[in-house]
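> Dumping the structure here so I can ask a few things about it.
What follows draws every value from the coordinates through simple rules; no lab data is involved. As the structure is a prediction and not an experimental result, all values here were calculated from the model. Reconstructed Cβ throughout: ideal geometry from the backbone, glycine too, with neighbour counts over all protein chains shown.
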Amino acid sequence: MKTKKEKSVKIKHCRQPATVKRIFKAGVTEHRRNAILSSSLKWVNGTEITYMFIEGAESQKKVVRQAFQIWKKLGIGISFKEVSTKEDSLVRIGFDHKEDSWSWVGREILDAAKNERTMNFGIDLVKDAEGMATALHEIGHAIGFQHEHQSPFSGIEWDKEAVYKEFSGPPNKWSKKEINSNIIDKMPANQVKGTAWDPKSIMEYEFGAGLVLEPAAYRPGIFPPGIISANDIKGVKSFYPPISKKSKLQLHKSVTINAGTGGQSDFIFTAPSTKKYTFQTVGKLDTVMVISEKTKTETYYMAGDDDSGLEKNAKIALPLVKGRNYLVNVRVMYAPADQSGSLVVS
Ligand SMILES: [Zn+2]
């Protein structure tokens, strides 16, 4: 029987693709920038995240579908739907075992070209004991969560030489740059929600002995259980609580966006006639606005606009159909002190 240490050495870890650092215009204060960055990867709550498989055996797809179900059953405000075309999809999933397992993070996915995969599984999800944990972990990235061991609150001090040696060898074979960006670099504290590190998180890697110097308790290794932890549930529900309250939106009647930094206001609009409507936020709030059509059973994403960090307002013009219902979800990325905002449809 293998010991935990031997087993961990052979694990092919999740390697995240390098991302482009967001540049803000001069004049955007640090406070505003950090507020925007701390939630910019998260989806607007209520979004239906469509996914499709670009390849793979049914048995592998089944594990991924189950993992989406496990996240959804936590009772969160976002939902998932499998679609069959790239055009309809946000998340595109592949099973290339020559690569590692990885996923784009949250709203970064919107920057991916429609022919690109945004998630890959580098292991056999059925045969590998880590299969379900890996599926849950990559979906965690897709809904906007990052690696827990890079939390600025972990207090982890690495034995860097040991980490470079371990991850430059098989099966990972990472470059020093990849090891830094996936393990050693910490996220800036002022851009992260919460204040605690969760070593049991599904977003935490397993590490063998001899890699962590401090805290001393983790010198023998870090062994997360591979399930969504109590803290993960708390975190995902704070970003994506179930949406129950929706204010009615009426033509030409301005309504207050009743939310502060990181919060969200949700509205429903029934189109009085078939024509083009313009939805616009008013005021100095930084917002991301998403419009979806709502049927009895489903929510279809139609359009989104992000004005965060810019001196303009979110604005969406769309042709709508008489009598149909449309959800308008407004995530407040940053609300300056003493400033409120409103929403109007014309
Ligand atoms: Zn990962």
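> Order of Arg65, Arg15 from fewest to most other C-beta atoms within 10 Å?
Working: Arg65 16, Arg15 21.
Taking fewest neighbouring Cβ atoms as first place, the list is Arg65, Arg15.
> Over the stretch 24-77, what portion of Cα pair distances is larger than 17 Å, expressed as a whole percent? Intermediate values should be presented prior to the final figure.
Working: 855 of 1431 pairs.
Pairs farther apart than 17 Å: 60 percent.
> Something else: Highest GNM mean-square fluctuation, the chain, Cα pairs closer than 10 Å: which of Thr287, Thr270, Thr278?
Of Thr287, Thr270, Thr278, the Gaussian network model singles out Thr278 as fluctuating most.
> Using each residue's phi in the stretch 339-346, evaluate 6.51 cos²θ - 1.76 cosθ + 1.60 at θ = phi - 60° and report the 3J(HN,Hα) Karplus result to the nearest Hz, with x for Gly and Pro.
10, 10, x, 9, 10, 9, 10, 9
> Another question, then. Per DSSP H run of n ≥ 4, the term is -39500 (n - 2.57); total these for the chain, divide by its residue number, and report the mean residue ellipticity at 222 nm rounded to 500 deg cm²/dmol.
On the way: 7 runs with 66 residues, N = 346.
Result for the chain, helices only: -5500 deg cm²/dmol.
> Hey, another quick one. Taking every eigenvalue of the Cα gyration tensor of the stretch 204-267, multiplying by 5 and rooting it, what semi-axes result, largest first, whole Å?
Details: eigenvalues 409, 30, 11 Å².
After scaling each eigenvalue by five and taking roots: 45, 12, 7 Å.
> Then there is this: How many angstrom separate the Cα center of the stretch 195-273 from the Cα center of the stretch 144-187?
Cα centroid of the stretch 195-273 versus Cα centroid of the stretch 144-187: 23 Å apart.
> Which value does Rg/Rh take for the stretch 187-343 over its C-alpha atoms, Rh per Kirkwood?
Rounded to two decimals, Rg over Rh is 1.13.
> How far is helix 230-239 tilted off the main Cα axis of the chain, in degrees rounded to 10, range 0 to 90?
Once rounded, one gets 30 degrees.
> Using the Kirkwood radius over Cα pairs, work out the Stokes-Einstein diffusion coefficient for the stretch 140-241 at 25 °C and 0.890 mPa s, in µm²/s as a whole number.
Values: Rh = 14.3 Å.
Approximately 172 µm²/s, per Stokes-Einstein.
> Ignoring GluC sites (Glu not before Pro) that are buried or in helix or strand per DSSP, and keeping those with at most 10 other beta carbon atoms within 10 Å, what is the longest stretch of the chain between them?
Values: sites that count: Glu87, Glu311.
Within the chain, the longest run free of exposed GluC sites (Glu not before Pro) spans 88-310.
> Using modelled amide H (1.01 Å from N, peptide plane; none on Pro or chain starts), what sits under 5 Å from the amide H of Ile49, excluding residues fewer than 5 places away?
Residues meeting the criterion, in which the H sits 1.01 Å from N, are Ser79, Phe80, Lys81.
> Against the longest alpha carbon principal axis of the chain, how many degrees, from 0 to 90 and to the nearest 10, is the axis of helix 58-72 turned?
For helix 58-72, the angle is close to 60 degrees.
> May I pose another question? Under the Kirkwood approximation for Rh and a Cα-based Rg, what ratio Rg/Rh is obtained for the stretch 4-239?
Details: Rg = 17.5 Å, Rh = 18.4 Å.
Expressed as Rg/Rh, it is 0.95.
> Cut-off 10 angstrom, C-alpha nodes, Gaussian network model of the chain. Which of Leu90, Leu320, Leu211 fluctuates the most?
Leu320
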